[in-house]
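The values are calculated or read from the model by the stated rules, or taken from the named source; none is laboratory data. A quick note: this is a predicted structure, and the numbers were derived from the prediction, not measured. Virtual Cβ from ideal backbone geometry, glycine too; neighbours counted across all protein chains shown. Just the protein is used for accessible areas: all its heavy atoms, side chains included, with ligands, DNA and RNA removed. Shrake-Rupley method; radii C 1.70, N 1.55, O 1.52, S 1.80 Å.
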Amino acid sequence: MTMKRILTGTLCTGAAFAFTACAQPPAEPAARAEYKRANDPAEPTNRVIFATNKFVDDNAVKPVAQAYQEHVPGRVQKSVHNFVGNLRQPAVAVNDVLQGNFSRSWNTIQRFAINTTVGGAGLFDVATDWNRPGHSADFGQTLGVWGIGPGPSVQLPLLGPSNVRDSVGKVVDMVANPTNFIPGSAIATVGTVSGVAGAVDGRARMLKATDSLERNSLDYYAASRDAAAQRRAALVDEGKEGK
């Protein structure tokens, strides 16, 4: 079984929890209002998944990310980040088009062309220096731009807090990524390596934020869920603005 199939199954299973593990809304008005705001009907199940994710993170993912951050030179970390980000540019460009942001898509296409060639296969972000800054776009964001609401909160095994809309979006992103349709074992190898490198790089870049959130929150689960929801809402708003 490939890693892509494992992650796809994880996403589908996590999204299914939102429909099958719903709790009864509380009767007390204030508690009911908070329940609706959180939009987390599967909270008991989500908390179990969150605790499992945290155990894996504390004992495996986070130590690797800390070692990477502490022992890998900053310039190398930046090149890894640039390389992984460059491979995502075709998918970003496609989602820009689906959102009707054609100028952003053209900017992304130029970024990919410049960084893949002049930037040494994406190791250097020359495009930003040439006034073509990068941005994020994915199919979950695209669905939000189309007016589809986030749906109930979901804790995805290994992947953390999300919602039903973005879980569906992640599956589509994995299956429909333009680089998947380029034949050759070399492309598959690059994709696997970039996936692992991207996970480590992404976790390392989030260390400061997650440590602060855990240290300063009374309920780390709720704080993580709400922070993720706010980030995704901001990304959808950015897609609607088309800047």
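Pull out a ≥ b ≥ c, the square roots of the eigenvalues of the alpha-carbon gyration tensor of the stretch 165-213, then state rounded if a/c is under 1.5, prolate if not and a/b is larger than b/c, and oblate in the remaining case.
Oblate, because a/c is 1.5 or more while a/b does not exceed b/c.
So if each residue of separation counts as 0.36 nm, and I subtract the Cα-Cα distance between residue 179 and residue 193, what length gain in nm does that give?
3.7 nm
What shape does the stretch 97-243 take by its C-alpha gyration tensor, where a ≥ b ≥ c are the square roots of the eigenvalues and a/c under 1.5 counts as rounded, a/b above b/c as prolate, and the rest as oblate?
prolate
Counting only protein chains, not ligands or nucleic acids, how are 112, 50 ordered by accessible area (probe 1.4 Å), most first?
Result of the area sort, largest leading: 112, 50.
Decide, for the stretch 58-150, between rounded, prolate and oblate: order the square roots of the alpha carbon gyration tensor eigenvalues as a ≥ b ≥ c, take rounded if a/c falls under 1.5, and otherwise choose prolate if a/b is larger than b/c, else oblate.
Oblate, because a/c is 1.5 or more while a/b does not exceed b/c.
Which FRET efficiency value, to the nearest 0.05, do you get for residue 211 and residue 128 by plugging their Cβ-Cβ distance into 1/(1 + (r/R0)^6) with R0 = 25 Å?
0.35
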